Amino acid sequence: MKHIYILSLFIILSACGDKKQEEPATPKPEVANLVTLTAAQLASAKIQTGKVEEKSISAIIKVSGKIDVPPQNMISVSMPLGGFLRSTKLLPGMHISKGEVIGVMEDQQYIQLQQDYLTTKSKLAYLEAEFLRQKELNQSKATSDKIFQQTQMDYQTQKINLGALAEKLKLIHINPQQVSEANISRSVNIYSPITGFVSSVKVNTGKYVNPSDILFELVNPDDIHLNLQVFERDLPKLAIGQQLLAYTNNNPGKKYPCEISIISHDLSPERTADVHCHFENYDRNLFPGTYMNAEIKLKSQQSPALPEEAIVAYEGGNYVFIQKAPNQFQMTAIETGTKENGFIEIMNSEGFTGKAIVTKGAYTLLMALKNKPEE
């Protein structure tokens, strides 16, 4: 009896397993792209249709690049005689004015240079008087030509020495005319040669710098420009004076009008060339090296287009509704291009030529399609 019960249970379980295997999988519903409106819905939607038509639309080239500064506007500040940096208030990004004190240097050689200048100046005064005296004596033949010539040579040599020392003082921003035994200084000021901003500070307070060392790097923003990388195929479409709009990745909504000033003909290994553009109004918040995007507007041309209202965006794609019947519309993917004056360029227009396309009420159809009850 026990064996009969176990056999019966095995048969029942086997039958259930076969039944489950025979059940077909439920097919996944296809994404619907056809919407049918009732007469009331059609009247409420106020649908209007139109066709793809030729419109004058300007093509746009999208490129990228960065803000650049020409070499003549990058100023490296150094101290020709070296010395210790006693103080500076500069920080990267700080605005500076021409003639402003940007650092103070200190060294004993500055003292020595001023001393040599004053000593030479004093000797020159003596030699000048001696030269004039010997000249007068020579004219009356009271002294020999050799003595006069020697005095003249000493006087000229001392004038040369004084001139050379004066130029050395000017190198370290000391006015020779203001040097006297009462105001010999061990420190000298460094003045900004431009009005602009600080790019970098290369030295800290108390450090000794050699004449070849760079203390600060300054930028003159008068000729800051945008350097764009343009592919070879697009270069013939550009011209000097052409307008464009540039924007940063951080703030794409803020556009900076620019004008093409130079088009390079040297191609990189990536087959791109430099196109230099000037800002119409330079924003001081844009620093050299900032990456930017740009849209270059080309000349208008006839292109197939639809009103912007005809295009609906859905799940990352662009679509239009084609009228299949008076109350039936099919959502179809479309490729779009440039927008201008309320119209948008259609890139795959060959599939839409002559068809009635919804130009008003497209989003109403999209909502009706998305909210369609499951059957």
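The values are calculated or read from the model by the stated rules, or taken from the named source; none is laboratory data. Every value quoted in this text rests on a predicted model; they were computed, and no experiment measured them. When we count neighbours, we look across all protein chains shown, and the Cβ atoms used for this are built from the backbone with ideal geometry, even at glycine.
Overview of results
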quantity	calculated
Residue match in the stretch 209-224 (condition: within 17 Å of Val69 (Cβ to Cβ), surrounded by fewer than 18 Cβ atoms within 10 Å (Cβ to Cβ) and over 20 Å from the mean Cα position of the chain (by Cα))	yes
Count - residues of the stretch 228-268 that are outside any loop (DSSP other than H, G, I, E, B), within 13 Å of the chain's Cα centre (by Cα) and touching a residue at least 40 places away in the same chain (Cβ under 8 Å)	6
Some residue of the stretch 189-196 being farther than 30 Å from Pro288 by Cα and either part of a loop (DSSP other than H, G, I, E, B) or in contact (Cβ under 8 Å) with a residue 60 or more places away in the chain (or both)	no
Only listed residue being modelled with pLDDT of 90 or more and either on the phi > 0 side of the Ramachandran plot or of a type outside the set (Gly, Ala, Ser) (or both), chosen from Lys297, Lys360	Lys360
Residue that is surrounded by the most Cβ atoms within 10 Å (Cβ to Cβ), among those in the stretch 175-188 that are in contact (Cβ under 8 Å) with a residue 40 or more places away in the chain and not in a strand (DSSP E or B)	Val179
Looking only at the stretch 336-375, and only at residues there that are of a type in the set (Asp, Glu) and more than 31 Å from the chain's Cα centre (by Cα), the one that is surrounded by the most Cβ atoms within 10 Å (Cβ to Cβ)	Glu350
